[in-house]
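Step one of this worksheet: look at the structure below.
Coordinate-derived values only; no laboratory data. Because the structure is predicted, anything quoted here is derived from the model rather than measured. In this analysis, Cβ positions are derived from the backbone assuming ideal geometry, glycine residues included, and neighbour counts consider all displayed protein chains.
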Amino acid sequence: MRIEEANPFAYEFALARTALVLIDMQRDFIEPGGFGETLGNDVSLLEAIVPATKAALQAWRNAGGLVVHTREAHSPDLSDCPPAKRNRGNPTLRIGDEGPMGRILVAGEPGNQIIDALAPVDGEIVIDKPGKGMFHATSLHELLQQRGITHLLFGGVTTEVCVQTSMREANDRGYDSLLLEDCTESYFPAFKAATLDMIRAQGAIVGWTAPSAALLAALNNAT
Ligand code: C5J
């Protein structure tokens, strides 16, 4: 398959060797009362990408593609949360504190679940990651290697933090990655715009970007 409209040039991928990766589409970042809001952010900005992300996910599922969901999640004893991460800044609630949706960024808590609209289904990979990048302290690279995955399509939040970190990690591990422009968002629109530019600069130094409509068209054309 080929996404002609991708930037900075056309992106080619084989369905069987490609996974759709949705980064941290969890209540903690997208709904009021979670980690995103405790940091002082307007979470409604992130909610706006849900319809496009849901459409891309549905089309990818219909095509039979592999789906990976990640959650930024710490173990209940916070043994995987370095003090430098927990103590930085001045949030109203810190990681592990009790919030309106349970303990902030702790695995198994209500706020740590993927939002209902994008909830994982059987057969999809769900990765709890203690870091910003999806490969740090997880088994994801091995899981993708076992399945012969070489290409990754990304969506999720936030663009310049966990999405960009994961794409850079993927780049260093040899994956060809494309970020779906309208399926990712930041609390800071200027950071999103800058990240898209950084990813595709210098001949796709980190990867490609494209609107999700271009992916849907490529999937349609293939059937
Ligand atoms: C942040 C993330 N922004 N998922 N995490 O702290 O991007």
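Observations
- Cross-link reach list, lysines versus LYS129, counting only Cα pairs under 17 Å and skipping chain neighbours closer than eight places: LYS85
- nm² value of the averaged projected area, convex hull over the Cα atoms of segment 1-119: 9.1
- The sum of -39500 (n - 2.57) across all DSSP H runs of n ≥ 4, divided by the residue count of the chain, sets its helix-only mean residue ellipticity at 222 nm to -9000 deg cm²/dmol.
- Cα-only Debye scattering, segment 30-78: base-10 log of I(q)/I(0) at q = 0.17, 0.21, 0.29 Å⁻¹: -0.73, -0.89, -1.05
- Globularity index of segment 131-206, i.e. its alpha-carbon radius of gyration over 2.2 N^0.38 Å: 1.07
- Inter-part distance where segment 104-151 and segment 168-223 are each reduced to a Cα centre, Å: 19
- Modelled spin labels at ALA14 and VAL121, positioned 7 Å past Cα toward Cβ, are 2.5 nm from each other.
- Taking 10 °C and 1.306 mPa s as conditions, the chain diffuses translationally at an estimated 91 µm²/s according to Stokes-Einstein applied to its Kirkwood radius (Cα pairs).
- Ordered by the count of other Cβ atoms within 10 Å of each Cβ, fewest first, CYS183, CYS162 give CYS162, CYS183.
- Qualifying aspartates and glutamates (Cα of each under 19 Å from Cα of LYS54; at least 8 residues distant if same chain): ASP24, ASP28, GLU31, ASP116, ASP122, GLU124, GLU181, ASP182, GLU185
- In terms of the mean number of neighbouring beta-carbon atoms within 10 Å, the peptides 121-131, 31-41 order highest first as 31-41, 121-131.
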